[in-house]
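The values are calculated or read from the model by the stated rules, or taken from the named source; none is laboratory data. These numbers come from a predicted model, not from an experiment. Note: ideal-geometry Cβ built from the backbone for every residue, glycine included; neighbour counts use all protein chains shown.
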Amino acid sequence: MSTNYGHKNVVDESARKLVAVITGGNSGVGLTAAERLLSLNNGEGIEICLVCRNKQRAEVARSSLLKSHPNATVDIVLIDTSSIASVIKGAKELRIKYQHVDFLYLNAGAFLVRRGINWSHMMKEIFDSDSPGQKILHMFSTGEGLLLQRDSLTNEGLQQVFATNLFGHYVLVRELEPLLGKDSPSQVIWTSSRASIKSSFNVNDIQHKNGQDPYGSSKFGIDVMSVALNERLNKQNIYSHTCCPGLVLTNLTSAIFPMWIWYMLLPFFLLMRILISNFNMTPYNGSESLVWLSKQNPKKLDPMARYESNTSFLWKRYVSSRKLPVDKDICDQLFKECDSLYQMFKRGETIDNIDK
């Protein structure tokens, strides 16, 4: 379902406007990136489409953007990336609404946890390590083994975290290919994470049905898929990159602890920022890499790098890059697995059919 909020009489229609489609655009890093993109383009040089699950929250987000940029064009398309039927339906609306898409931000995400820290695992890892200090820093900067995660099945029979974070977005890219790279380069920008854990990912179990780190697996899958898409889509003028907003207090983090606990921990996190530069805390700081990528020539970016938001101890924002530990074989296999699932859904088949 889409809602058209164009103010197209305000600006010269002959001028080509940029179009940015942002999943998970109703709050946090996604909403902040939308506001910053409007500011960079004087409010009228870019059209923003907030792709969200919840219409009411999307309307609130749109209102906040129009309050600061009253002449902007901000549209809403309702998509739940955990539902492939919803993605395919929403993509059809996007193809009707727009002639082209310049920036496709794949930012929606699910991080399902049982509230609290996995204390037993954390203590074991620290005491078994030859460098406990480094181990603590690694765990806090990546989240590896720090939290007790959970997962669930969607109504379509997919693992929830895999579908929301990776596969739903893959389907969206495939469905929007006709709008991407048409008359100028288009960028596909995935929100990945330092929590992307290679050891959590099994290319023979891409949904992570048999593991305990669905989030880390899905984020590594994002890194792999981005590389795979570049190999296949660069010739169509489509360029894919991943970024990491770092630790930001958003709806995802509130699933781990209540917000009041996060605020109590703020002094500790501020201290940790001396050692860990991706403790960005605010959505504005976290959105730095997302916005930075929009200003780059995608042809000159490293397809094998993840671009990460950082904040210095003096609150200076900057972007760094980190080499992705992926290889061609794993890229080819993940793409093949996801494409097989995608074609199954396009044929109207069910997970039960493919499992037989």
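Run residue 201 past the list (1) farther than 29 Å from residue 320 by Cβ; (2) surrounded by 22 or more Cβ atoms within 10 Å (Cβ to Cβ) and report the number of the one that doesn't hold.
With respect to (1) farther than 29 Å from residue 320 by Cβ; (2) surrounded by 22 or more Cβ atoms within 10 Å (Cβ to Cβ), residue 201 is out only on (1).
Any idea which residue in the range 85-115 is surrounded by the fewest Cβ atoms within 10 Å (Cβ to Cβ), counting only those that are closer than 15 Å to residue 180 by Cα and under 16 Å from the mean Cα position of the chain (by Cα)?
The selected residue is 103.
Criterion first (of a type outside the set (Asp, Glu), modelled with pLDDT under 95 and assigned to a helix (DSSP H, G or I)) does residue 292 satisfy it?
The answer is no for residue 292.
Can you say whether residue 125 is at negative phi, part of a helix (DSSP H, G or I) and at pLDDT 55 or above, as far as the supplied structure shows?
The answer is no for residue 125.
When the range 169-223 is examined, which residues are found to be over 27 Å from residue 278 (Cβ atoms) and in a helix (DSSP H, G or I)?
Selection gives 171, 174, 175, 177, 178, 179.
May I ask you to list the residues in the range 2-31 that are modelled with pLDDT under 85 and either at positive phi or assigned to a strand (DSSP E or B) (or both)?
Of everything in the range 2-31, those that are modelled with pLDDT under 85 and either at positive phi or assigned to a strand (DSSP E or B) (or both) turn out to be 2, 3.
Name the residues in the range 12-50 that are free of Cβ contacts under 8 Å to residues at least 60 places away in the same chain and under 14 Å from residue 291 (Cα atoms), would you?
Once the filter is applied, which keeps residues that are free of Cβ contacts under 8 Å to residues at least 60 places away in the same chain and under 14 Å from residue 291 (Cα atoms), the range 12-50 yields 34, 35, 38, 39, 41, 46, 48.
Which condition breaks for residue 302 when tested against (1) surrounded by fewer than 16 Cβ atoms within 10 Å (Cβ to Cβ); (2) at pLDDT 95 or above; (3) over 30 Å from residue 45 (Cβ atoms)?
For residue 302, the exception is condition (3).
With under 19 Å from the mean Cα position of the chain (by Cα), surrounded by 16 or more Cβ atoms within 10 Å (Cβ to Cβ) and farther than 25 Å from residue 25 by Cβ as the only criterion, which of 187, 207 stands out?
207
(1) within 22 Å of residue 297 (Cβ to Cβ); (2) free of Cβ contacts under 8 Å to residues at least 40 places away in the same chain; (3) polar (S, T, N, Q): which one isn't true of residue 226, the others all being true?
(2)
Please determine, by comparing only the residues of the range 281-296 that are out of contact with any His (no Cβ under 8 Å at 6 or more places or on another chain) and under 17 Å from residue 226 (Cβ atoms), which one is surrounded by the most Cβ atoms within 10 Å (Cβ to Cβ).
This residue is 289.
What's the total number of residues in the range 87-112 that are touching a Lys or Arg at 6+ places or on another chain (Cβ under 8 Å) and within 16 Å of residue 342 (Cβ to Cβ)?
1
Checking the structure you have, find out if any residue of the range 226-246 is modelled with pLDDT under 95, among the β-branched types (Val, Ile, Thr), surrounded by 15 or more Cβ atoms within 10 Å (Cβ to Cβ) and within 19 Å of residue 194 (Cβ to Cβ).
Among the residues of the range 226-246, not one is modelled with pLDDT under 95, among the β-branched types (Val, Ile, Thr), surrounded by 15 or more Cβ atoms within 10 Å (Cβ to Cβ) and within 19 Å of residue 194 (Cβ to Cβ), which makes the answer no.
So how many residues does the range 166-199 have that are touching a residue at least 24 places away in the same chain (Cβ under 8 Å), over 12 Å from residue 104 (Cβ atoms) and of a type in the set (S, T, N, Q)?
4
If I go through the range 41-52 residue by residue, how many of them are of a type outside the set (Asp, Glu) and modelled with pLDDT under 95?
So the answer is 4.
With the requirement that a residue be surrounded by fewer than 18 Cβ atoms within 10 Å (Cβ to Cβ), among the hydrophobic types (A, V, I, L, M, F, W, C) and either part of a loop (DSSP other than H, G, I, E, B) or out of contact with any Phe, Trp or Tyr (no Cβ under 9 Å at 6 or more places or on another chain) (or both), what does the range 310-338 give you?
313, 314, 315
If only one of 353, 285 is assigned to a helix (DSSP H, G or I), under 24 Å from residue 48 (Cβ atoms) and modelled with pLDDT under 95, which one is it?
So the residue among 353, 285 that is assigned to a helix (DSSP H, G or I), under 24 Å from residue 48 (Cβ atoms) and modelled with pLDDT under 95 is 285.
May I ask you to list the residues in the range 95-109 that are outside any loop (DSSP other than H, G, I, E, B) and under 25 Å from residue 223 (Cβ atoms)?
Across the range 95-109, the qualifying residues are 101, 103, 104, 105, 106.
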